[in-house]
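Trainee: Have a look at the structure that comes next, please.
The values are calculated or read from the model by the stated rules, or taken from the named source; none is laboratory data. Just so you know, these numbers come straight off a predicted model, no measurement behind them. We place every Cβ from the backbone using ideal geometry, glycine too, and count neighbours over all the protein chains shown.
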Amino acid sequence: MTNDKKSPSDTFTIIDNATGKSFDLPVIHGTTGPRVVDIRKFYADTGCFTYDPGFTSTGSCESKVTFIDGDKGILLHRGYPIEQLAENSSFLEVAYLLLFGNLPDQAQMKQFDHDITYHSMLNEQILRFYSGFRRDAHPMAISCGIVGALSAFYHDSLDFTDDFQRIVAETRLIAKMPTIVANAYKYSIGQPFTYPRNDLDYAANFLQMMFSVPCETYTVNPVLARAMNRILILHADHEQNASTSTVRLAGSSGANPFACIAAGIASLWGPSHGGANEAVLNMLMQIGSKDRVPEFVERAKDKDDPFRLMGFGHRVYKNFDPRAKIMEKTCHEVLDDLGIHNEPLLQIAMELERIALQDDYFIEKKLYPNVDFYSGIIFRAMGIPTSMFTALFALARTTGWVAQWLEMITDPEMKIGRPRQLYTGATQRDYVPIGKR
Ligand code: CMC
């Protein structure tokens with residue numbers, strides 16, 4: 001943390017009522033966002049820990065990658081609004097932006113595109129790993145396993161202290177992820193793996209690997225490719241969420257990049273995080289018809305019922321999730337293009353959104369549709385099975401994870417992550433032999 005972000009006059013004073021002592025804590029200013037109280041010396045100075053389960057008030061790192069203003073519904077990548085990137089950019093351009101800090105010029109874009117495109121094949125031996133999984137294995141289980149296994153194949157890019165190796169690892173991860181995820185799908189339906197095609201862009205190539213078969217020519221639908229490109233952009237990064245923090249924490253110990261991204265995939269899988277897109281679709285199917293929506297809204301509000309509205313609520317967004325708005329628009333575009341009118345799940349989703357947004361419970365708790373609310377309906381319309389939804393999220397988020405990992409690993413102030421705890425277990429006691437207990 002550079003000193004110019006600290007102003008000697010801006011301090012935060014706390015008083016320890018137990019001792020009557022007061023402590024001036026330095027306040028740090030980012031380029032935007034709330035003031036940040038620097039508590040790094042808090043324990044040394046006061047002998048106390050701070051307690052913040054779930055990190056609701058704790059900044060774990062300094063970052064220049066992504067900024068979110070949850071009250072205003074703002075999401076910026078390297079300063080650029082998500083709406084502008086989703087409308088105008090390609091996924092690889094956004095990937096370049098996240099990794100290197102600026103939008104590429106034409107030559108830089110051409111080179112980056114080439115590097116990613118020419119690393120998209122997997123070592124042929126990795127393909128044999130797939131046959132070790134059951135056919136009904138979840139694609140997230142397969143993706144996590146295969147990505148973790150990359151470190152057993154690419155020994156020449158494990159040393160993160162070497163600038164060149166870092167770049168190679170980052171390129172391999174972003175390039176191979178679509179192949180890994182598409183292969184998981186092909187394996188589950190018993191079709192041969194499809195190799196990447198270098199004449200297609202990142203999103204179109206992914207669709208091609210998912211849906212082409214060797215016995216006929218596959219033509220990519222440009223509307224679906226554009227929608228996929230946009231969905232990938234919307235999922236590319238989201239500052240210090242659970243999976244990104246997991247990647248950073250794993251990386252802080254010096255673990256290799258492939259292992260760190262595998263850890264991120266594991267964390268993303270949970271239904272409170274990336275697994276929500278799959279859970280939303282399952283929920284819409286469970287609701288079944290528009291007239292049952294009020295019943296499920298009531299259940300979501302009932303403290304004694306574990307049911308929650310999946311795709312609703314967010315730790316940071318307390319106004320709206322800007323990604324959800326773009327996702328909803330994309331959803332209508334895709335359904336129109338495919339001639340899907342009156343899709344029952346979309347009708348249920350829209351009714352759910354309408355009723356929930358008028359309900360005092362959701363208004364008071366500031367619960368709005370999040371990015372996962374509409375994405376599942378688009379994926380389903382594209383012919384992507386529900387179990388693949390979170391794997392697609394992982395594919396897109398790999399770019400953000402890699403960008404955040406790179407930032408961390410090159411940060412001179414990087415330390416191994418090591419939170420403390422509030423211990424409430426037994427105090428010291430003596431061992432009692434089993435016969436005397
Ligand atoms: N349905 C019903 N009640 C909810 C919901 C929901 N979806 N989300 C939060 N609440 C209630 C919650 O019960 C709590 O009530 P109370 O204050 O009375 O105890 C209050 O709202 C605050 O919720 P919280 O769980 O304390 O908030 P959080 O910041 O810890 O959780 C969340 C955020 C996203 C995990 C949560 O809103 C949730 O579980 N949503 C459904 C799952 C989901 O859609 N996740 C995707 C998030 S966006 C993409 C991503 O991160 O990958």
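Matching residues to (1) near the ligand (Cβ under 9 Å from one of its atoms); (2) surrounded by fewer than 16 Cβ atoms within 10 Å (Cβ to Cβ); (3) of a type in the set (Gly, Ala, Ser):
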| residue | (1), (2), (3) |
| --- | --- |
| 277 | yes, no, no |
| 286 | no, yes, no |
| 292 | no, yes, no |
| 301 | yes, no, no |
| 304 | no, yes, no |
| 307 | yes, yes, no |
| 320 | no, no, no |
| 323 | yes, no, no |
| 329 | no, yes, no |
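Trainee: Moving on to the next point. Just for the stretch 295-318: of the residues that are outside any strand (DSSP E or B) and touching a Leu at 6+ places or on another chain (Cβ under 6 Å), which one is farthest from residue 75 (Cα to Cα)?
Mentor: Checking each candidate, the answer is 300.
Trainee: Residue pairs, Cβ under 8 Å, 6 or more apart or interchain, first in the stretch 50-70 and of a type in the set (Lys, Arg), second surrounded by 15 or more Cβ atoms within 10 Å (Cβ to Cβ). List them.
Mentor: Cβ pairs passing all conditions: 64/78; 64/407.
Trainee: Select from the stretch 378-437 the residues that are farther than 24 Å from residue 259 by Cβ and among the aliphatic types (A, V, I, L, M) and list them in ascending order.
Mentor: 378, 381, 382, 384, 422, 426, 432, 434
Trainee: Moving on. Quick test for you: out of 355, 378, 348, pick the one residue that is under 30 Å from residue 92 (Cβ atoms), more than 10 Å from the ligand (Cβ to nearest atom), surrounded by 15 or more Cβ atoms within 10 Å (Cβ to Cβ) and modelled with pLDDT of 90 or more.
Mentor: From the options 355, 378, 348, the qualifying one is 378.
Trainee: If I filter the stretch 137-155 down to residues being out of contact with any helix residue (DSSP H, G or I) (no Cβ under 7 Å at 6 or more places or on another chain) and more than 17 Å from residue 263 (Cβ to Cβ), which single residue comes out as modelled with the highest pLDDT?
Mentor: 137
Trainee: Here's something else I'd like to know. What number goes with the only condition from (1) among the small types (Gly, Ala, Ser); (2) surrounded by fewer than 15 Cβ atoms within 10 Å (Cβ to Cβ); (3) assigned to a helix (DSSP H, G or I) that residue 182 does not pass?
Mentor: Only one criterion is unmet by residue 182, namely (2).
Trainee: Another question about this same structure. Would you say residue 336 is crowded, with 23+ Cβ neighbours inside 10 Å, under 20 Å from residue 229 (Cα atoms) and charged (D, E, K, R)?
Mentor: no
Trainee: Please count how many residues of the stretch 240-275 are touching a residue at least 60 places away in the same chain (Cβ under 8 Å), away from the ligand (no atom under 16 Å from the Cβ) and among the small types (Gly, Ala, Ser).
Mentor: Result for the stretch 240-275: 6.
Trainee: Working carefully through the options 54, 70, 30, find the one that is within 16 Å of the ligand (Cβ to nearest atom), within 25 Å of the chain's Cα centre (by Cα) and surrounded by 12 or more Cβ atoms within 10 Å (Cβ to Cβ).
Mentor: None of the other options fit; the residue is 70.
Trainee: Here's a follow-up. Please enumerate the residues belonging to the stretch 51-72 that are under 24 Å from residue 413 (Cβ atoms) and charged (D, E, K, R).
Mentor: 52, 62, 64, listed by residue number.
Trainee: Follow-up question, since we're still on this one. So, in the stretch 394-420, of the ones that are closer than 27 Å to residue 48 by Cβ and free of Cβ contacts under 8 Å to residues at least 40 places away in the same chain, which residue ends up surrounded by the most Cβ atoms within 10 Å (Cβ to Cβ)?
Mentor: By that ranking, first place goes to 419.
Trainee: Among 243, 252, which is within 17 Å of residue 403 (Cβ to Cβ), within 18 Å of the chain's Cα centre (by Cα) and crowded, with 19+ Cβ neighbours inside 10 Å?
Mentor: So the residue among 243, 252 that is within 17 Å of residue 403 (Cβ to Cβ), within 18 Å of the chain's Cα centre (by Cα) and crowded, with 19+ Cβ neighbours inside 10 Å is 243.
Trainee: Under 7 Å by Cβ, and 6 or more places apart or on different chains, what pairs join a residue from the stretch 103-116 that is on the phi > 0 side of the Ramachandran plot with one that is in a helix (DSSP H, G or I) and of a type in the set (Ser, Thr, Tyr)?
Mentor: If the second residue must be in a helix (DSSP H, G or I) and of a type in the set (Ser, Thr, Tyr), no pairs are left.
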